[in-house]
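Quick notes on the structure that follows.
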Amino acid sequence: MPLVSPPPGRGPVRPLRLLVAVAVPLWLAAAAAAVAAPAAAEMPALAPAKKTWSVDGDFARKAAGETARTRARMNLSGAACAPARPRLASCLIVNDEKKYAQFFAVKDRTLEPGTVIRLTAKDVRGDPDAEGVAFADGFFWVVGSHGRPRHGDGAGSARFVVMRFPVDARGRPTFPVSEEEPTGVERSTRLGEAMRAADGIGAFYDQPLDRNGVNVEGIAVKDGRMHLGFRGPSVDGQAFILSVDAEAVFSSDKPLAPTVTRLALGPTTGIRDLAAVRDGLIVLSGPVNDQAVPPALWHWNETTGALAPLGTLTPPKGLPEDAKAETVLVLRDAPDKPLHLLILYDGAENGFPTEYRVRR
């Protein structure tokens, strides 16, 4: 079999059993790959771990006068943890209905909600529709959906943003945290320019999700690259990952150096979350809208381009029928050991945390 054309600066990529990649042109001569793998229906089923998880309290802002407090705990959309000591003591979770995020800790199969941090100023119209969280290089990174709202005919300008803030070695912010003002939070709107020009993605930019419009739901930052997973568009059974220079996003003129990867996850299937692991990225897939597409996990090697199916998620007992797998949090990532992953479900109270142990 022929070698696959690699992105600039990388060595040749040899096709693997589960990989079919085709190089195509992209803005600034970056590369895109179409990666084929078995349909979700052909993947093994992953059962929840036997031990159950709980949440000590609620993911909600406790300030007096807060309205619709249930929305925060019913619309959790992304989470990540800093490599602090003790392990999993400093994590951040976001929801797609509020202007704030919330710290939490993981202890003895219990999530412990903590301090709230304001992401967007009160006078900004709309919320950032925060859909994903990552941790890398001393920062928590949060991405807005960059998509049109479900209702209304205008683009949600507050959503076209990526944010980050620094933490110390203990995973604590290096600035005074505020519930009222977004102090210490850096913001950028540069990602839009890469999306508009990206092969396969640009034609759907600023379109509603029910018309296959752009909607970012996953973020992972690794080795200096920011990887964005798109719930929509889904084109010919392919979902999209846009990768850019992470530091360039927060500069005014440094090239973003974008690349696009197409993952053949199946018809009307998009990416619901991304999470970095030592040997690649975990991809959580699901329906673009309300199609009958089972949630599934995949392993994508961002260096070789190889995509491997891990399995479809068997829902836990008691999960609401309309809940969707929305967040994948890495609990344990040890060499030559199964991954311990925590899945949180949008539409279920406090995310209905459920552990899955997955062989890669």
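Values quoted throughout were computed directly from the atomic coordinates according to the rules given, and no laboratory measurement underlies them. Keep in mind that this is a model prediction, so the values were computed, not measured. Heads up, the Cβs are rebuilt from the backbone with ideal geometry, glycines too, and the neighbour counts pull from every protein chain shown.
Brief remarks follow.
- Rg(Cα) / (2.2 N^0.38 Å) computed for the range 181-236, rounded to two decimals: 1.29
- Between Ala45 and Ala121, the modelled labels are 5.2 nm apart [label points 7 Å from Cα along Cα→Cβ].
- Whole-angstrom Cα spans of the range 160-315 along principal axes, big to small: 45, 34, 33
- Three-way shape label, the range 27-358, alpha-carbon gyration tensor, a/c 1.5: rounded
- Rounded to the nearest 20, the size of the Cβ-charge dipole of the range 106-247 about its Cα centre is 120 debye, with Lys and Arg at +1 and Asp and Glu at -1.
- Charge dipole of the range 299-360 about the Cα centre (unit charges at C-beta), most positive-ward option of Gly305, Ile343, Leu319: Gly305
- Legend: ranking of residues Tyr345, Tyr100, Tyr205 from fewest to most surrounding C-beta atoms inside 10 Å; resulting order Tyr205, Tyr100, Tyr345.
- Simple Cβ-charge dipole of the range 27-358, Lys/Arg +1 and Asp/Glu -1, about Cα centre, in debye nearest 20: 640 debye
- Ordering Thr261, Val185, Phe230 by Cα displacement along the dipole of the range 27-358 toward the positive end leaves Val185 in first place; charges were set at the Cβ atoms of Lys, Arg (+1) and Asp, Glu (-1).
- At R0 = 35 Å, FRET efficiency that the Cβ-Cβ distance of Glu321 and Glu112 yields, to 0.05: 0.80
- Remark: spin-label model distance Ala292-Val177 equals 4.4 nm, labels positioned 7 Å along the Cα→Cβ axis.
- Near Val214, once Lys and Arg are set to +1 and Asp and Glu to -1 for all other residues with Cβ below 10 Å from its Cβ, the sum equals +2.
- The stretch between Ser252 and Asp336 holds 26.1 nm of extra length on full extension. This uses 0.36 nm per residue minus the Cα-Cα distance.
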